[in-house]
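Shown next, in structure tokens, is the structure this report addresses.
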2 protein chains.
Amino acid sequence: MIYSKKRELVLDYVRAACTHPTADEVYAGLRAGDADVSLATVYRNLNQLAENGALRRITTLSGPDRFDGNITPHLHAICTCCGRVIDVPRAPLPDLCSIASAHTGMVITGMTLVFHGICNACSANNKAH
Amino acid sequence: MIYSKKRELVLDYVRAACTHPTADEVYAGLRAGDADVSLATVYRNLNQLAENGALRRITTLSGPDRFDGNITPHLHAICTCCGRVIDVPRAPLPDLCSIASAHTGMVITGMTLVFHGICNACSANNKAH
DNA sequence: AATTAATTTGAGAATAATTCTTATTCTTGC
DNA sequence: GCAAGAATAAGAATTATTCTCAAATTAATT
């Protein structure tokens, strides 16, 4: 993968954001700044950056994927009301992957652990249905 | 929610399947049988049934949602190669939700824990890239 | 700095998964 | 069996994402 100015813009944007932005938000944010990128380029680069570990992809239950520039080990909680993603420090866990591997015979390459709930803002706003 | 024959068909189909079918697979399966349902009805009912706990929704990282008629507590491992979902017995876990709740102040309503890996069939077939 | 080969980009079409709309058809209580 | 409310069919619409390919960028070489 050779250097590209657009990829650097995308990476910098996600790293600077503390909002775990979606592809669309990255696109809009760069456009609102002085950057001239296309949506396809944003998607392409987010995928590449997540693929090679520069970013983390956060797959939400419903709604678009989000991206996290903070790749240090931590977990996420997603508000089912507004979609916001909140960081959660990683708690000590038993070695679940080994257990899964032993039980299924699969080669386990990873694990996704996400919390769901109502964030403070939504609780305060009584937006929760 | 009043009774409906179509909803019963959908629920029975997912319960009988051991494949964690997608909405499309449920639709095709019912159509292949003698059932006359529309795709929208399959989606609507899968959503309702998952909502009220009769089924479990399995959100995969990429690809369509899958549904599980087995609602007893267990985990899932998803093959990143073929998309198949394999059941994993629930291992004892620390109370992660309380930890997340304490750290974020959110009302935590649930947690998703999914394993990713390569299933036996894909390993055997060397399909894994 | 020009040449070239490989890579990336832009713009919009295409795709995939799901939801919405509305007229019609069930379901249930009376 | 009728009325009121709920569910359905069919396909249009929406959302999120990927694909296509000609044009632009990058990096290595002259």
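The values are calculated or read from the model by the stated rules, or taken from the named source; none is laboratory data. None of these values were measured; they are calculated from a predicted model. Glycine also receives a Cβ, built like all others from the backbone with ideal geometry; neighbour counts cover every protein chain displayed.
If you check A:Tyr3, A:Tyr27 for being hydroxyl-bearing (Ser, Thr, Tyr), surrounded by 13 or more Cβ atoms within 10 Å (Cβ to Cβ) and farther than 18 Å from B:Ser62 by Cα, only one passes: A:Tyr27. Here B:Thr60 passes the criteria (1) away from DNA strand D (no atom under 12 Å from the Cβ); (2) modelled with pLDDT of 95 or more except the one numbered (2).
For segment A:80-106, the set of residues classified as facing chain B (nearest Cβ under 7 Å), buried (at least 17 other Cβ atoms within 10 Å of the Cβ) and assigned to a strand (DSSP E or B) consists of A:Ile86, A:Val88, listed by residue number. Screening the candidates A:Ala50, A:Ala40, A:Ala91, A:Ala17 for the property of being in the same structural domain as A:Ala121 (by TED's automatic domain parsing) and either more than 16 Å from DNA strand D (Cβ to nearest atom) or at pLDDT 95 or above (or both) yields one hit, A:Ala91.
Hey, can you tell me all the residues within segment B:107-129 that are under 29 Å from A:Thr80 (Cα atoms) and more than 7 Å from chain A (Cβ to nearest Cβ)? Selection gives nothing. Evaluating A:Ala77 against the criteria (1) of a type in the set (A, V, I, L, M); (2) within 26 Å of A:Ala124 (Cα to Cα); (3) surrounded by fewer than 16 Cβ atoms within 10 Å (Cβ to Cβ) leaves one unmet condition, (3). Can you name every residue in segment B:11-34 that is among the charged types (D, E, K, R) and more than 11 Å from DNA strand C (Cβ to nearest atom)? Answer for segment B:11-34, where residues must be among the charged types (D, E, K, R) and more than 11 Å from DNA strand C (Cβ to nearest atom): B:Asp12, B:Arg15, B:Arg31, B:Asp34. Taking the conditions exactly as written (surrounded by fewer than 16 Cβ atoms within 10 Å (Cβ to Cβ) and farther than 30 Å from A:Ala121 by Cα), does B:Cys119 satisfy them or not? For B:Cys119, the condition - surrounded by fewer than 16 Cβ atoms within 10 Å (Cβ to Cβ) and farther than 30 Å from A:Ala121 by Cα - is not met. If you filter segment B:20-37 down to residues that are of a type in the set (Gly, Ala, Ser) and without any contact (Cβ under 8 Å) to a residue 40 or more places away in the chain, you find that the one that is nearest to DNA strand D (Cβ to nearest atom) is B:Ala35.
For (1) more than 12 Å from the chain's Cα centre (by Cα); (2) touching a residue at least 12 places away in the same chain (Cβ under 8 Å), each residue gets a yes or a no:
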| position | (1), (2) |
| --- | --- |
| A:Gly69 | no, yes |
| A:Pro73 | yes, yes |
| A:Met111 | yes, yes |
| A:Cys119 | yes, yes |
| A:Ala124 | yes, no |
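Being β-branched (Val, Ile, Thr), more than 25 Å from B:Ser62 (Cβ to Cβ) and more than 9 Å from DNA strand C (Cβ to nearest atom) is true of B:Val37.
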